[in-house]
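Chemist: Pasting a structure below so you can have a look.
The values are calculated or read from the model by the stated rules, or taken from the named source; none is laboratory data. Quantities reported herein were computed from a predicted structural model and do not represent experimental measurements. Reconstructed Cβ throughout: ideal geometry from the backbone, glycine too, with neighbour counts over all protein chains shown.
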Amino acid sequence: MSRGFYIIANDKVTEQSIALLESIRVTDAQTPVMLIPYDDHYQQVARVLGDRFGVLVFEDLEFIQRLSVQLQHIFGQEFFARPNQFRKQACWFGPFDEFLYIDTDIVVFEPIIHCLDALNKADFVCYDYQHAGGLQDVFTSAVLDQGLFTPEDLQGVFNGGLWGSRKGLISEQDLYDIFAECANHPEYFDFSKKTSDQPIINYMVLRRFQRRWNWTQRPQKGPGSWAGSQHFIWQGDRLVDPRVNRPVPYLHWAGIRLQPGCPHWDVWEHYRYLHETKPAISPLAPPQRSLWQRASAKLKKLWS
């Protein structure tokens with residue numbers, strides 16, 4: 001049985017993709033990684049990741065395009081802020097029997113593919129505390145008010161940045177049917193922060209999969225992973241979640257712009273430049289404004 005990672009990327013996230021792959025390869029030299037193109041501008045990132053890490057490009061590009069077109073047909077052209085995020089649903093149709101999808105704004109500290117070991121007792125796995133935040137960024141209270149989900153069901157809410165399952169458990173028609181259900185009930189979903197795929201994939205998983213496993217909800221509890229968490233501490237060379245006294249398995253900058261000064265920037269830079277010289281100015285640094293631009297901004301504030 002084959003296992004592998006899927007990522008979704010284009011040339012704009014080449015830097016983030018390199019850091020992610022460097023972190024994966026520190027502890028896992030063998031597990032294959034496949035790139036799902038976010039859009040048509042992916043040749044640079046595919047070349048870099050292919051040459052350095054052996055990353056392959058998802059072969060059935062026609063399917064990915066068909067999925068994008070059909071989704072926009074169902075929801076309408078302007079419904080989602082980032083409709084191409086849904087291309088990650090190609091994971092269900094790729095070559096890996098068991099797969100772990102992972103966002104590029106993540107670095108890992110351990111062989112994270114072992115999350116899939118839980119598939120011996122579940123059909124869907126994740127590893128995060130999204131459920132602890134209630135309905136925010138996923139659902140509205142309508143899903144409870146209308147009896148769609150119970151409070152117990154909503155303990156299965158997860159972050160769309162890292163999750164895994166098996167090939168073939170969802171068909172292409174299943175996807176379109178689920179999209180149509182969601183399009184008919186926009187009141188179910190919290191898109192207030194311009195999330196795109198996360199509410200919809202949560203709906204799909206909670207409706208279609210009874211056997212779910214979140215590594216943070218095991219009896220001994222799992223550590224957190226959000227880079228914005230304030231309570232993580234360093235013990236030696238490992239970042240630790242003191243609430244459970246366990247090492248953090250990965251860091252995810254969800255909702256945080258990866259740039260100098262952001263939380264744990266030094267960790268991200270460590271992996272990005274693990275095998276090359278760090279530049280004096282990071283390519284992710286915000287562009288410097290000219291003196292005229294700064295003066296204009298001050299005048300606008302004075303007159304506003």
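Chemist: Of the conditions (1) crowded, with 18+ Cβ neighbours inside 10 Å; (2) touching a Leu at 6+ places or on another chain (Cβ under 9 Å); (3) of a type outside the set (K, R), G94 clears all except one; give me its number.
Modeler: Here G94 meets the rest and fails (2).
Chemist: Looking only at region 217-225, decide whether some residue is hydroxyl-bearing (S, T, Y), under 20 Å from F109 (Cα atoms) and surrounded by 13 or more Cβ atoms within 10 Å (Cβ to Cβ).
Modeler: Yes, region 217-225 has at least one match.
Chemist: Right, next: Looking at V45, V107, V57, which is the one that is surrounded by 19 or more Cβ atoms within 10 Å (Cβ to Cβ), free of Cβ contacts under 8 Å to residues at least 60 places away in the same chain and either in contact with a strand residue (DSSP E or B) (Cβ under 8 Å, 6 or more places away or on another chain) or not acidic (D, E) (or both)?
Modeler: That would be V45, the only listed residue that is surrounded by 19 or more Cβ atoms within 10 Å (Cβ to Cβ), free of Cβ contacts under 8 Å to residues at least 60 places away in the same chain and either in contact with a strand residue (DSSP E or B) (Cβ under 8 Å, 6 or more places away or on another chain) or not acidic (D, E) (or both).
Chemist: Return yes when R212 is closer than 21 Å to A122 by Cβ, surrounded by 18 or more Cβ atoms within 10 Å (Cβ to Cβ) and not β-branched (V, I, T) and no when it is not.
Modeler: Spelling it out, R212 is indeed closer than 21 Å to A122 by Cβ, surrounded by 18 or more Cβ atoms within 10 Å (Cβ to Cβ) and not β-branched (V, I, T).
Chemist: Then there's this: Looking at R52, R87, which is the one that is under 23 Å from W268 (Cα atoms), of a type in the set (K, R), touching a helix residue (DSSP H, G or I) at 6+ places or on another chain (Cβ under 8 Å) and modelled with pLDDT of 90 or more?
Modeler: Working: R87 fails: under 23 Å from W268 (Cα atoms).
From the options R52, R87, the qualifying one is R52.
Chemist: Any idea which of (1) closer than 28 Å to C182 by Cβ; (2) surrounded by fewer than 22 Cβ atoms within 10 Å (Cβ to Cβ); (3) aliphatic (A, V, I, L, M); (4) touching a residue at least 12 places away in the same chain (Cβ under 8 Å) is the one I102 doesn't satisfy?
Modeler: For I102, the failing item is (2).
Chemist: Hey, another quick one. Just to confirm my filter: which helices (runs of 4 or more DSSP H) fall fully inside region 110-221 and include at least 3 residues that are among the acidic types (D, E)?
Modeler: Numbers: elements: 142-145, 172-183, 197-208.
Per the criteria, 172-183.
Chemist: List the pairs whose first member sits in region 212-227 and is under 23 Å from G255 (Cβ atoms), whose second member is charged (D, E, K, R) and not in a helix (DSSP H, G or I), and whose Cβ atoms are under 6 Å apart, counting only residues at least 6 apart or on separate chains?
Modeler: P223/D241; P223/R246; G224/D241; S225/D128
Chemist: Further question: Hey, does region 13-31 have a residue that's in contact with a helix residue (DSSP H, G or I) (Cβ under 9 Å, 6 or more places away or on another chain), small (G, A, S), part of a helix (DSSP H, G or I) and without any contact (Cβ under 8 Å) to a residue 40 or more places away in the chain?
Modeler: The answer is no, given that none of the residues of region 13-31 is in contact with a helix residue (DSSP H, G or I) (Cβ under 9 Å, 6 or more places away or on another chain), small (G, A, S), part of a helix (DSSP H, G or I) and without any contact (Cβ under 8 Å) to a residue 40 or more places away in the chain.
Yes or no, residue by residue, for (1) surrounded by 21 or more Cβ atoms within 10 Å (Cβ to Cβ); (2) closer than 24 Å to G94 by Cβ; (3) within 15 Å of the chain's Cα centre (by Cα); (4) at pLDDT 95 or above:
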site: K121; (1), (2), (3), (4): no, yes, no, yes
site: I178; (1), (2), (3), (4): no, yes, no, no
site: E181; (1), (2), (3), (4): no, no, no, no
site: S196; (1), (2), (3), (4): no, yes, yes, no
site: P199; (1), (2), (3), (4): yes, yes, yes, no
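Chemist: Quick one: would you say R82 is exposed (fewer than 15 other Cβ atoms within 10 Å of the Cβ), among the basic types (K, R) and at negative phi?
Modeler: It is true that R82 is exposed (fewer than 15 other Cβ atoms within 10 Å of the Cβ), among the basic types (K, R) and at negative phi.
Chemist: Looking at region 129-137, is at least one residue under 30 Å from G236 (Cα atoms), touching a helix residue (DSSP H, G or I) at 6+ places or on another chain (Cβ under 9 Å) and crowded, with 22+ Cβ neighbours inside 10 Å?
Modeler: Checked against the condition, which is being under 30 Å from G236 (Cα atoms), touching a helix residue (DSSP H, G or I) at 6+ places or on another chain (Cβ under 9 Å) and crowded, with 22+ Cβ neighbours inside 10 Å, region 129-137 yields at least one hit.
Chemist: Would you please list the contacts, defined by Cβ atoms under 8 Å and residues six or more apart or on different chains, that run from a residue in region 267-280 that is of a type in the set (V, I, T) to a residue that is surrounded by 15 or more Cβ atoms within 10 Å (Cβ to Cβ)?
Modeler: As it stands, the answer is V267/V107; V267/L239; V267/L251, since those pairs meet every condition given.
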